[in-house]
Amino acid sequence: MLHKITLIRGDGSGPELIEQAKRAIDKAIEICGKGLEWEIFDAGADVVAKEGTPLPDYVIDSVKRNKVALKGPVTTPLGKGFRSVNVELRKKLDLYVSLRPCKYYKGIKTRISNPDNIDLVIIRENTEDLYAGIEFENGNADTMDLIKFIESKNKGKIRENSAIGLKTISKYASERITRYAFEYAKRTDRKSVTAVTKSNIMKFSDGLFMHTAEEISKNYPEIKFKHKLVDSLCMDLVTVPENYDVLVLPNLYGDIVSDLCAGLIGGLGVAPGANIGENCAVFEAVHGSAPEFKGKNVLNPASLILSGVLMLKYINENKAAEILENAVKKVFEDGRCVTFDIANEPAKAVGTKEMTDAIIEEM
Ligand code: NAD
């Protein structure tokens with residue numbers, strides 16, 4: 001069967017990284033005697049002038065049709081401009097799971113002294129929480145009404161010229177993400193699931209997430225359930241990361257903790273990810289569009305290539321996934337053809353294309 005995949009090139013450094021990832025994935029599939037058909041689109045800042053939106057409907061329709069996409073990073077303007085394409089895509093396709101494996105591969109330079117046993121998986125709720133971006137601007141009439149309403153309910157004093165962001169956590173979303181985490185742990189033979197919140201302070205919102213996770217855990221007695229406060233988790237992650245297996249977190253903590261975990265295993269250049277829903281999935285690196293490196297052929301293609309490995313597993317092309325992951329592993333371990341971020345001698349680092357060439361050669 002020929003798989004059709006939507007390829008979203010992204011902006012900034014996205015297009016040059018995605019081009020290399022596509023080459024490596026195509027090679028792995030070709031070795032297995034198969035092929036992929038790609039539907040290629042742009043999204044992001046470069047598309048706005050022509051289409052009036054950074055995420056045209058035909059891109060969404062293509063993902064709905066093909067059910068699988070590989071996506072390059074997309075820039076989100078800070079504090080103004082268009083809304084995040086990434087958030088929009090996750091919402092429109094109801095991609096409620098952000099899956100981010102965080103595994104250390106031998107040969108990669110990291111500040112952690114004993115990284116060999118780091119092999120954890122972050123499962124981040126992707127649709128709600130503060131990260132949904134439901135906000136009220138300071139000075140706005142609606143915001144002032146909201147402030148009056150909140151104060152009339154004796155919920156505390158809010159300073160007059162405040163902006164407000166809403167943290168919404170639903171029972172529905174907490175149930176489906178924690179169920180996904182336990183099902184994932186069961187399927188992949190993982191031993192524990194840790195729910196991460198700040199429920200000592202946010203007793204209703206994070207409290208709901210924590211209690212729901214506790215309830216769901218009762219259906220999976222074979223998997224150890226733990227709860228951890230997010231601040232204390234951060235401390236543990238940099239001191240005893242090997243104590244963790246599957247982590248399940250509300251959206252914002254998941255976003256922050258995934259970058260921290262990427263730092264443990266060598267940085268954003270080696271951290272893959274996937275956004276998964278009931279009907280489709282979009283695979284992408286944890287990192288952003290790194291616009292300062294655009295066109296320089298220096299960034300690490302491994303995060304997008306390893307996202308491709310996750311994609312190949314998702315479409316049941318397990319042999320191709322294994323061939324590709326093993327080639328990446330060998331290139332890391334060999335250390336001669338890697339980019340500046342993980343090279344032991346940065347002066348001898350190679351470019352994005354040359355590292356991909358080495359991965360392809362290894363296959
Ligand atoms: P970033 O992840 O783009 O880059 C931060 C730093 O990480 C870079 O300066 C670079 O040193 C390093 N880095 C990133 N990718 C790397 C790679 N492949 N190889 C080696 N080093 C790499 O984060 P940022 O600068 O905060 O964000 C830039 C833009 O990307 C913002 O507009 C942000 O909103 C957006 N963003 C998009 C996504 C996405 O599309 N999913 C995710 C995160 C950020």
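The values are calculated or read from the model by the stated rules, or taken from the named source; none is laboratory data. All values derive from a computational prediction rather than experimental measurement. Heads up, the Cβs are rebuilt from the backbone with ideal geometry, glycines too, and the neighbour counts pull from every protein chain shown. We work out accessible area using only protein heavy atoms, side chains counted, and drop any ligands, DNA or RNA first. Shrake-Rupley method; radii C 1.70, N 1.55, O 1.52, S 1.80 Å.
Report yes if VAL63 is buried (at least 22 other Cβ atoms within 10 Å of the Cβ) and part of a helix (DSSP H, G or I), otherwise no. I'd like the intermediate steps shown before the answer.
Values: buried (at least 22 other Cβ atoms within 10 Å of the Cβ): yes; part of a helix (DSSP H, G or I): yes.
Judged against the criteria, VAL63 is a match.
Do we have GLY335 as assigned by TED's automatic domain parsing to the domain that holds LYS296, among the small types (Gly, Ala, Ser) and under 10 Å from GLY107 (Cβ atoms) here?
Values: assigned by TED's automatic domain parsing to the domain that holds LYS296: yes; among the small types (Gly, Ala, Ser): yes; under 10 Å from GLY107 (Cβ atoms): yes.
Spelling it out, GLY335 is indeed assigned by TED's automatic domain parsing to the domain that holds LYS296, among the small types (Gly, Ala, Ser) and under 10 Å from GLY107 (Cβ atoms).
Out of curiosity, is ASP259 crowded, with 19+ Cβ neighbours inside 10 Å, of a type in the set (D, E, K, R) and either touching a His at 6+ places or on another chain (Cβ under 6 Å) or touching a residue at least 24 places away in the same chain (Cβ under 8 Å) (or both)?
Numbers: crowded, with 19+ Cβ neighbours inside 10 Å: no; of a type in the set (D, E, K, R): yes; either touching a His at 6+ places or on another chain (Cβ under 6 Å) or touching a residue at least 24 places away in the same chain (Cβ under 8 Å) (or both): yes.
Here the answer is no, as ASP259 does not meet what is asked.
Residues being under 25 Å from LEU93 (Cα atoms), within 10 Å of the ligand (Cβ to nearest atom) and open to solvent by 30 Å² or more (accessible area, probe 1.4 Å): count how many of those fall in the range 275-294.
Qualifying residue count for the region: 1.
Could you list all residues from the range 257-274 that are within 9 Å of the ligand (Cβ to nearest atom) and part of a strand (DSSP E or B)?
Passing the criteria: only GLY273.
How about the range 302-312: which of its residues are in contact with a Gly (Cβ under 8 Å, 6 or more places away or on another chain) and either more than 8 Å from the ligand (Cβ to nearest atom) or of a type outside the set (Ser, Thr, Tyr) (or both)? Full working, then the answer.
Applying the first criterion (in contact with a Gly (Cβ under 8 Å, 6 or more places away or on another chain)) to the range 302-312 yields 302-304, 307, 310.
Answer for the range 302-312, where residues must be in contact with a Gly (Cβ under 8 Å, 6 or more places away or on another chain) and either more than 8 Å from the ligand (Cβ to nearest atom) or of a type outside the set (Ser, Thr, Tyr) (or both): ALA302, LEU304, SER307, LEU310.
If you scan the range 333-363, which residues turn out to be within 15 Å of the ligand (Cβ to nearest atom), in a helix (DSSP H, G or I) and surrounded by fewer than 21 Cβ atoms within 10 Å (Cβ to Cβ)?
Residues satisfying the conditions are PRO346, LYS353, GLU354.
Could you list, in sequence order, all residues of the range 223-256 that are of a type outside the set (Gly, Ala, Ser), within 16 Å of the ligand (Cβ to nearest atom) and either open to solvent by less than 10 Å² (accessible area, probe 1.4 Å) or over 30 Å from LYS171 (Cα atoms) (or both)? Outline the logic, then answer.
At the first step, the residues of the range 223-256 found to be of a type outside the set (Gly, Ala, Ser) are 223-231, 233-253, 255-256.
Applying the additional criterion that residues be within 16 Å of the ligand (Cβ to nearest atom) yields 251-253, 255-256.
Hit for the range 223-256 is ASN251, nothing else.
Which one of the conditions (1) closer than 27 Å to TYR104 by Cβ; (2) touching a Ser or Thr at 6+ places or on another chain (Cβ under 8 Å); (3) open to solvent by less than 70 Å² (accessible area, probe 1.4 Å); (4) of a type outside the set (A, V, I, L, M) does TYR180 fail to meet, given that it meets all the rest?
The failed condition is (2).
Any idea which residue in the range 191-236 is nearest to SER258 (Cα to Cα), counting only those that are of a type in the set (A, V, I, L, M) and without any contact (Cβ under 8 Å) to a residue 12 or more places away in the chain?
Narrowing the range 191-236 to residues of a type in the set (A, V, I, L, M): 193, 195-196, 201-202, 208, 210, 213, 216, 223, 229-230, 233, 235.
Remaining after also requiring without any contact (Cβ under 8 Å) to a residue 12 or more places away in the chain: 201, 235.
Numbers: ILE201: 22, MET235: 14 Å.
Across the range 191-236, the extreme among qualifying residues is MET235.
Here is a list of conditions, (1) within 14 Å of TYR253 (Cβ to Cβ); (2) open to solvent by less than 10 Å² (accessible area, probe 1.4 Å), and TYR131 meets all of them except one; can you say which number that is?
Here TYR131 meets the rest and fails (2).
Looking at GLY267, GLY254, which is the one that is in contact with a His (Cβ under 9 Å, 6 or more places away or on another chain) and in contact (Cβ under 8 Å) with a residue 40 or more places away in the chain?
Numbers: GLY254 fails: in contact with a His (Cβ under 9 Å, 6 or more places away or on another chain).
The unique qualifying residue is GLY267.
Only residues that are within 20 Å of the chain's Cα centre (by Cα) and either at pLDDT below 95 or within 16 Å of the ligand (Cβ to nearest atom) (or both): list them for the range 55-74, please. Please lay out each step first, then the result.
At the first step, the residues of the range 55-74 found to be within 20 Å of the chain's Cα centre (by Cα) are 55, 59-60, 63-64, 67-74.
Hits for the range 55-74 are LEU55, VAL59, ILE60, VAL63, ALA69, LEU70, LYS71, GLY72, PRO73, VAL74.
Filtering the range 27-46 down to residues that are open to solvent by less than 40 Å² (accessible area, probe 1.4 Å) and assigned to a helix (DSSP H, G or I), which residue is farthest from ASN300 (Cα to Cα)?
Result: ILE29.
So ALA49 clears everything in (1) open to solvent by 20 Å² or more (accessible area, probe 1.4 Å); (2) in contact (Cβ under 8 Å) with a residue 12 or more places away in the chain except one condition, right? Which one?
It fails just one condition, (2).
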